[in-house]
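Asks: Quick one: the structure is below, and I'll ask about it shortly.
The values are calculated or read from the model by the stated rules, or taken from the named source; none is laboratory data. Everything quoted here is computed from the prediction, not taken from an experiment. Virtual Cβ from ideal backbone geometry, glycine too; neighbours counted across all protein chains shown.
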Amino acid sequence: PRGAYVMMPGMASRRSRIWIVWLALGFAGVLAVVPAVVAGVRAIASTLAAPSRTTPGTIQTTLRAGDHVILERISTAGESFADDEGTTLTPRMVSVTGPAGQVVPVRSSVFTGTITQGMSVYRSALSFEAPQAGRYAIEVGGEPGAVLVTPSLGEAFGQVVPWLVVAALGALAALVGGTGLVVSLIRGGARERNRPHGQAAPGGPVAAASTGAPAGWYLDPGGSGRWRYWDGASWSSEVS
């Protein structure tokens with residue numbers, strides 16, 4: 001019918017490409033956030049879920065390079081085992097041997113953090129720095145008790161930080177992609193609503209002939225200001 005607006009194929013393809021870019025950006029952001037959050041949670045959980053080791057005795061364990069803490073059990077089911085200062089272990093009671101047989105220095109823990117597992121409470125007593133990843137032998141003396149060997153708080157946080165950065169970038173990408181897609185859809189709809197009825201698509205009716213636009217009435221390519229019918233292959237000889 002006369003005055004019908006026909007969207008040019010080039011316009012649709014350009015909009016589709018823009019929408020695809022925004023969708024891809026948002027999807028990539030979501031894909032980055034999920035594994036990053038999972039990895040961060042696992043890093044923290046591995047610290048909190050360290051197995052309890054009975055002492056005195058020798059603990060054989062695989063450690064990553066970096067700072068580690070030995071936490072002493074100070075109470076269980078409401079019963080306290082330690083003195084008023086919280087722990088009884090001293091550096092002289094513990095020796096650490098590295099994968100290559102080297103002796104690793106043990107020092108008193110600077111921080112006094114606690115971890116609760118079930119009915120037992122453990123408090124930081126000693127710390128040491130593992131020079132390399134591998135199998136370590138930790139010999140603990142003193143009175144009968146139990147300990148945990150975990151990465152230090154700083155070490156655990158250091159493992160989580162890269163994943164937090166990835167998660168933040170992924171969330172930003174998802175936000176930008178989603179916002180861009182919504183804005184593109186809104187702007188595209190607004191342009192369609194505001195376009196005068198019967199106006200030819202950008203590029204003019206001559207462009208319609210070269211891009212295979214469907215049959216319909218278009219502004220006269222001769223510039224008469226009237227309408228000429230395009231049958232999909234050629235222009236009509238009469239104008240209206």
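Asks: Could you run through the range 28-84 and say how many residues are of a type in the set (S, T, N, Q), part of a strand (DSSP E or B) and at pLDDT below 90?
Replies: The total comes to 3.
Asks: Among the residues of the range 106-139, which ones are without any contact (Cβ under 8 Å) to a residue 24 or more places away in the chain, closer than 21 Å to Gly66 by Cβ and out of contact with any Pro (no Cβ under 8 Å at 6 or more places or on another chain)?
Replies: Matches in the range 106-139: Val110 only.
Asks: Quick test of your reading of the structure: Val182 fulfils all but one of (1) among the hydrophobic types (A, V, I, L, M, F, W, C); (2) exposed (fewer than 14 other Cβ atoms within 10 Å of the Cβ); (3) modelled with pLDDT under 75. Name the failing condition by number.
Replies: (3)
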